[in-house]
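The values are calculated or read from the model by the stated rules, or taken from the named source; none is laboratory data. Being a predicted model, the structure only gives us computed values, none of them experimental. For neighbour counting, all protein chains shown are included, and Cβ atoms are generated from backbone atoms with ideal geometry for every residue, glycine included. Accessible surface areas use protein heavy atoms only, side chains included; no ligands, DNA or RNA. Shrake-Rupley method; radii C 1.70, N 1.55, O 1.52, S 1.80 Å.
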Amino acid sequence: MRRTVTRVPARLAVTVAGATVAVVVGGCSPADHYRENIVTGTFDGSKLIALNQYVAAGTPAGVTVIEAYADVSDQTPGTLDIRGPQHWRCAGVFHVPSDVPSPGLFDGDRDTALRLPSWVLPGMEAKGVGFAGPPGTYRVTIEMPSLSANFSHTWKFLGPESPPGALYHNATACTQVG
């Protein structure tokens, strides 16, 4: 019995190999495709700190989710300050997550931040807080008074227009300032 061997041209082999790598790398990204708004910084020398803002599928209209991560001990108190068309402060603690994502193929500060203790509201396991307020530009700051540390970033929050003075219902750990 005679076998026929077909040679694949080198150019085609390189193209197929490149496409395979692109699919594998693209497939290694976390299922949370909405985490593209994460920003990182440092405090206390070189400890990593991060903020993330996103609107996930199923999030009610006009609500954005804000998360914070920091290289701190479990139960370190932190305050999320949200200033824009309205000003809110939310008290919480950093909690060592039970669902730490595995390292990515190309691990960097963004991926590393997602494995740090995450800021949660008291009595909650869910990371971050859902925030509702009038659309506009907001400066979000995570503060850790016990460490004299804070980190800020500005985002534009979208949402439906609301009448002036509209009441928004945020978590009970969040209070409107002024």
statement: Residues of the range 45-74 being closer than 22 Å to M144 by Cβ, of a type in the set (A, V, I, L, M) and assigned to a loop (DSSP other than H, G, I, E, B), in sequence order, are V72
- request: Note down all Cβ pairs under 6 Å where the first residue falls in the range 82-99 and is of a type in the set (G, A, S), the second is surrounded by fewer than 17 Cβ atoms within 10 Å (Cβ to Cβ), and they're at least six residues apart or on different chains.
  value: G84/G136; G84/T137
- prompt: P77 fails exactly one of the following numbered conditions: (1) closer than 19 Å to W155 by Cα; (2) modelled with pLDDT of 90 or more; (3) open to solvent by 30 Å² or more (accessible area, probe 1.4 Å). What is the number of that condition?
  reply: (1)
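Which members of the range 75-87 meet the condition of being over 16 Å from N150 (Cα atoms) and assigned to a strand (DSSP E or B)? Break it down stepwise before answering.
Within the range 75-87, the subset over 16 Å from N150 (Cα atoms) is 75, 84-87.
H87 - this is the single residue of the range 75-87 that is over 16 Å from N150 (Cα atoms) and assigned to a strand (DSSP E or B).
Let's see how each residue does on (1) surrounded by 14 or more Cβ atoms within 10 Å (Cβ to Cβ); (2) more than 19 Å from T112 (Cβ to Cβ); (3) of a type outside the set (D, E, K, R); (4) modelled with pLDDT under 90:
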residue	(1), (2), (3), (4)
R35	yes, no, no, yes
T40	yes, no, yes, no
N52	yes, no, yes, no
G62	yes, yes, yes, yes
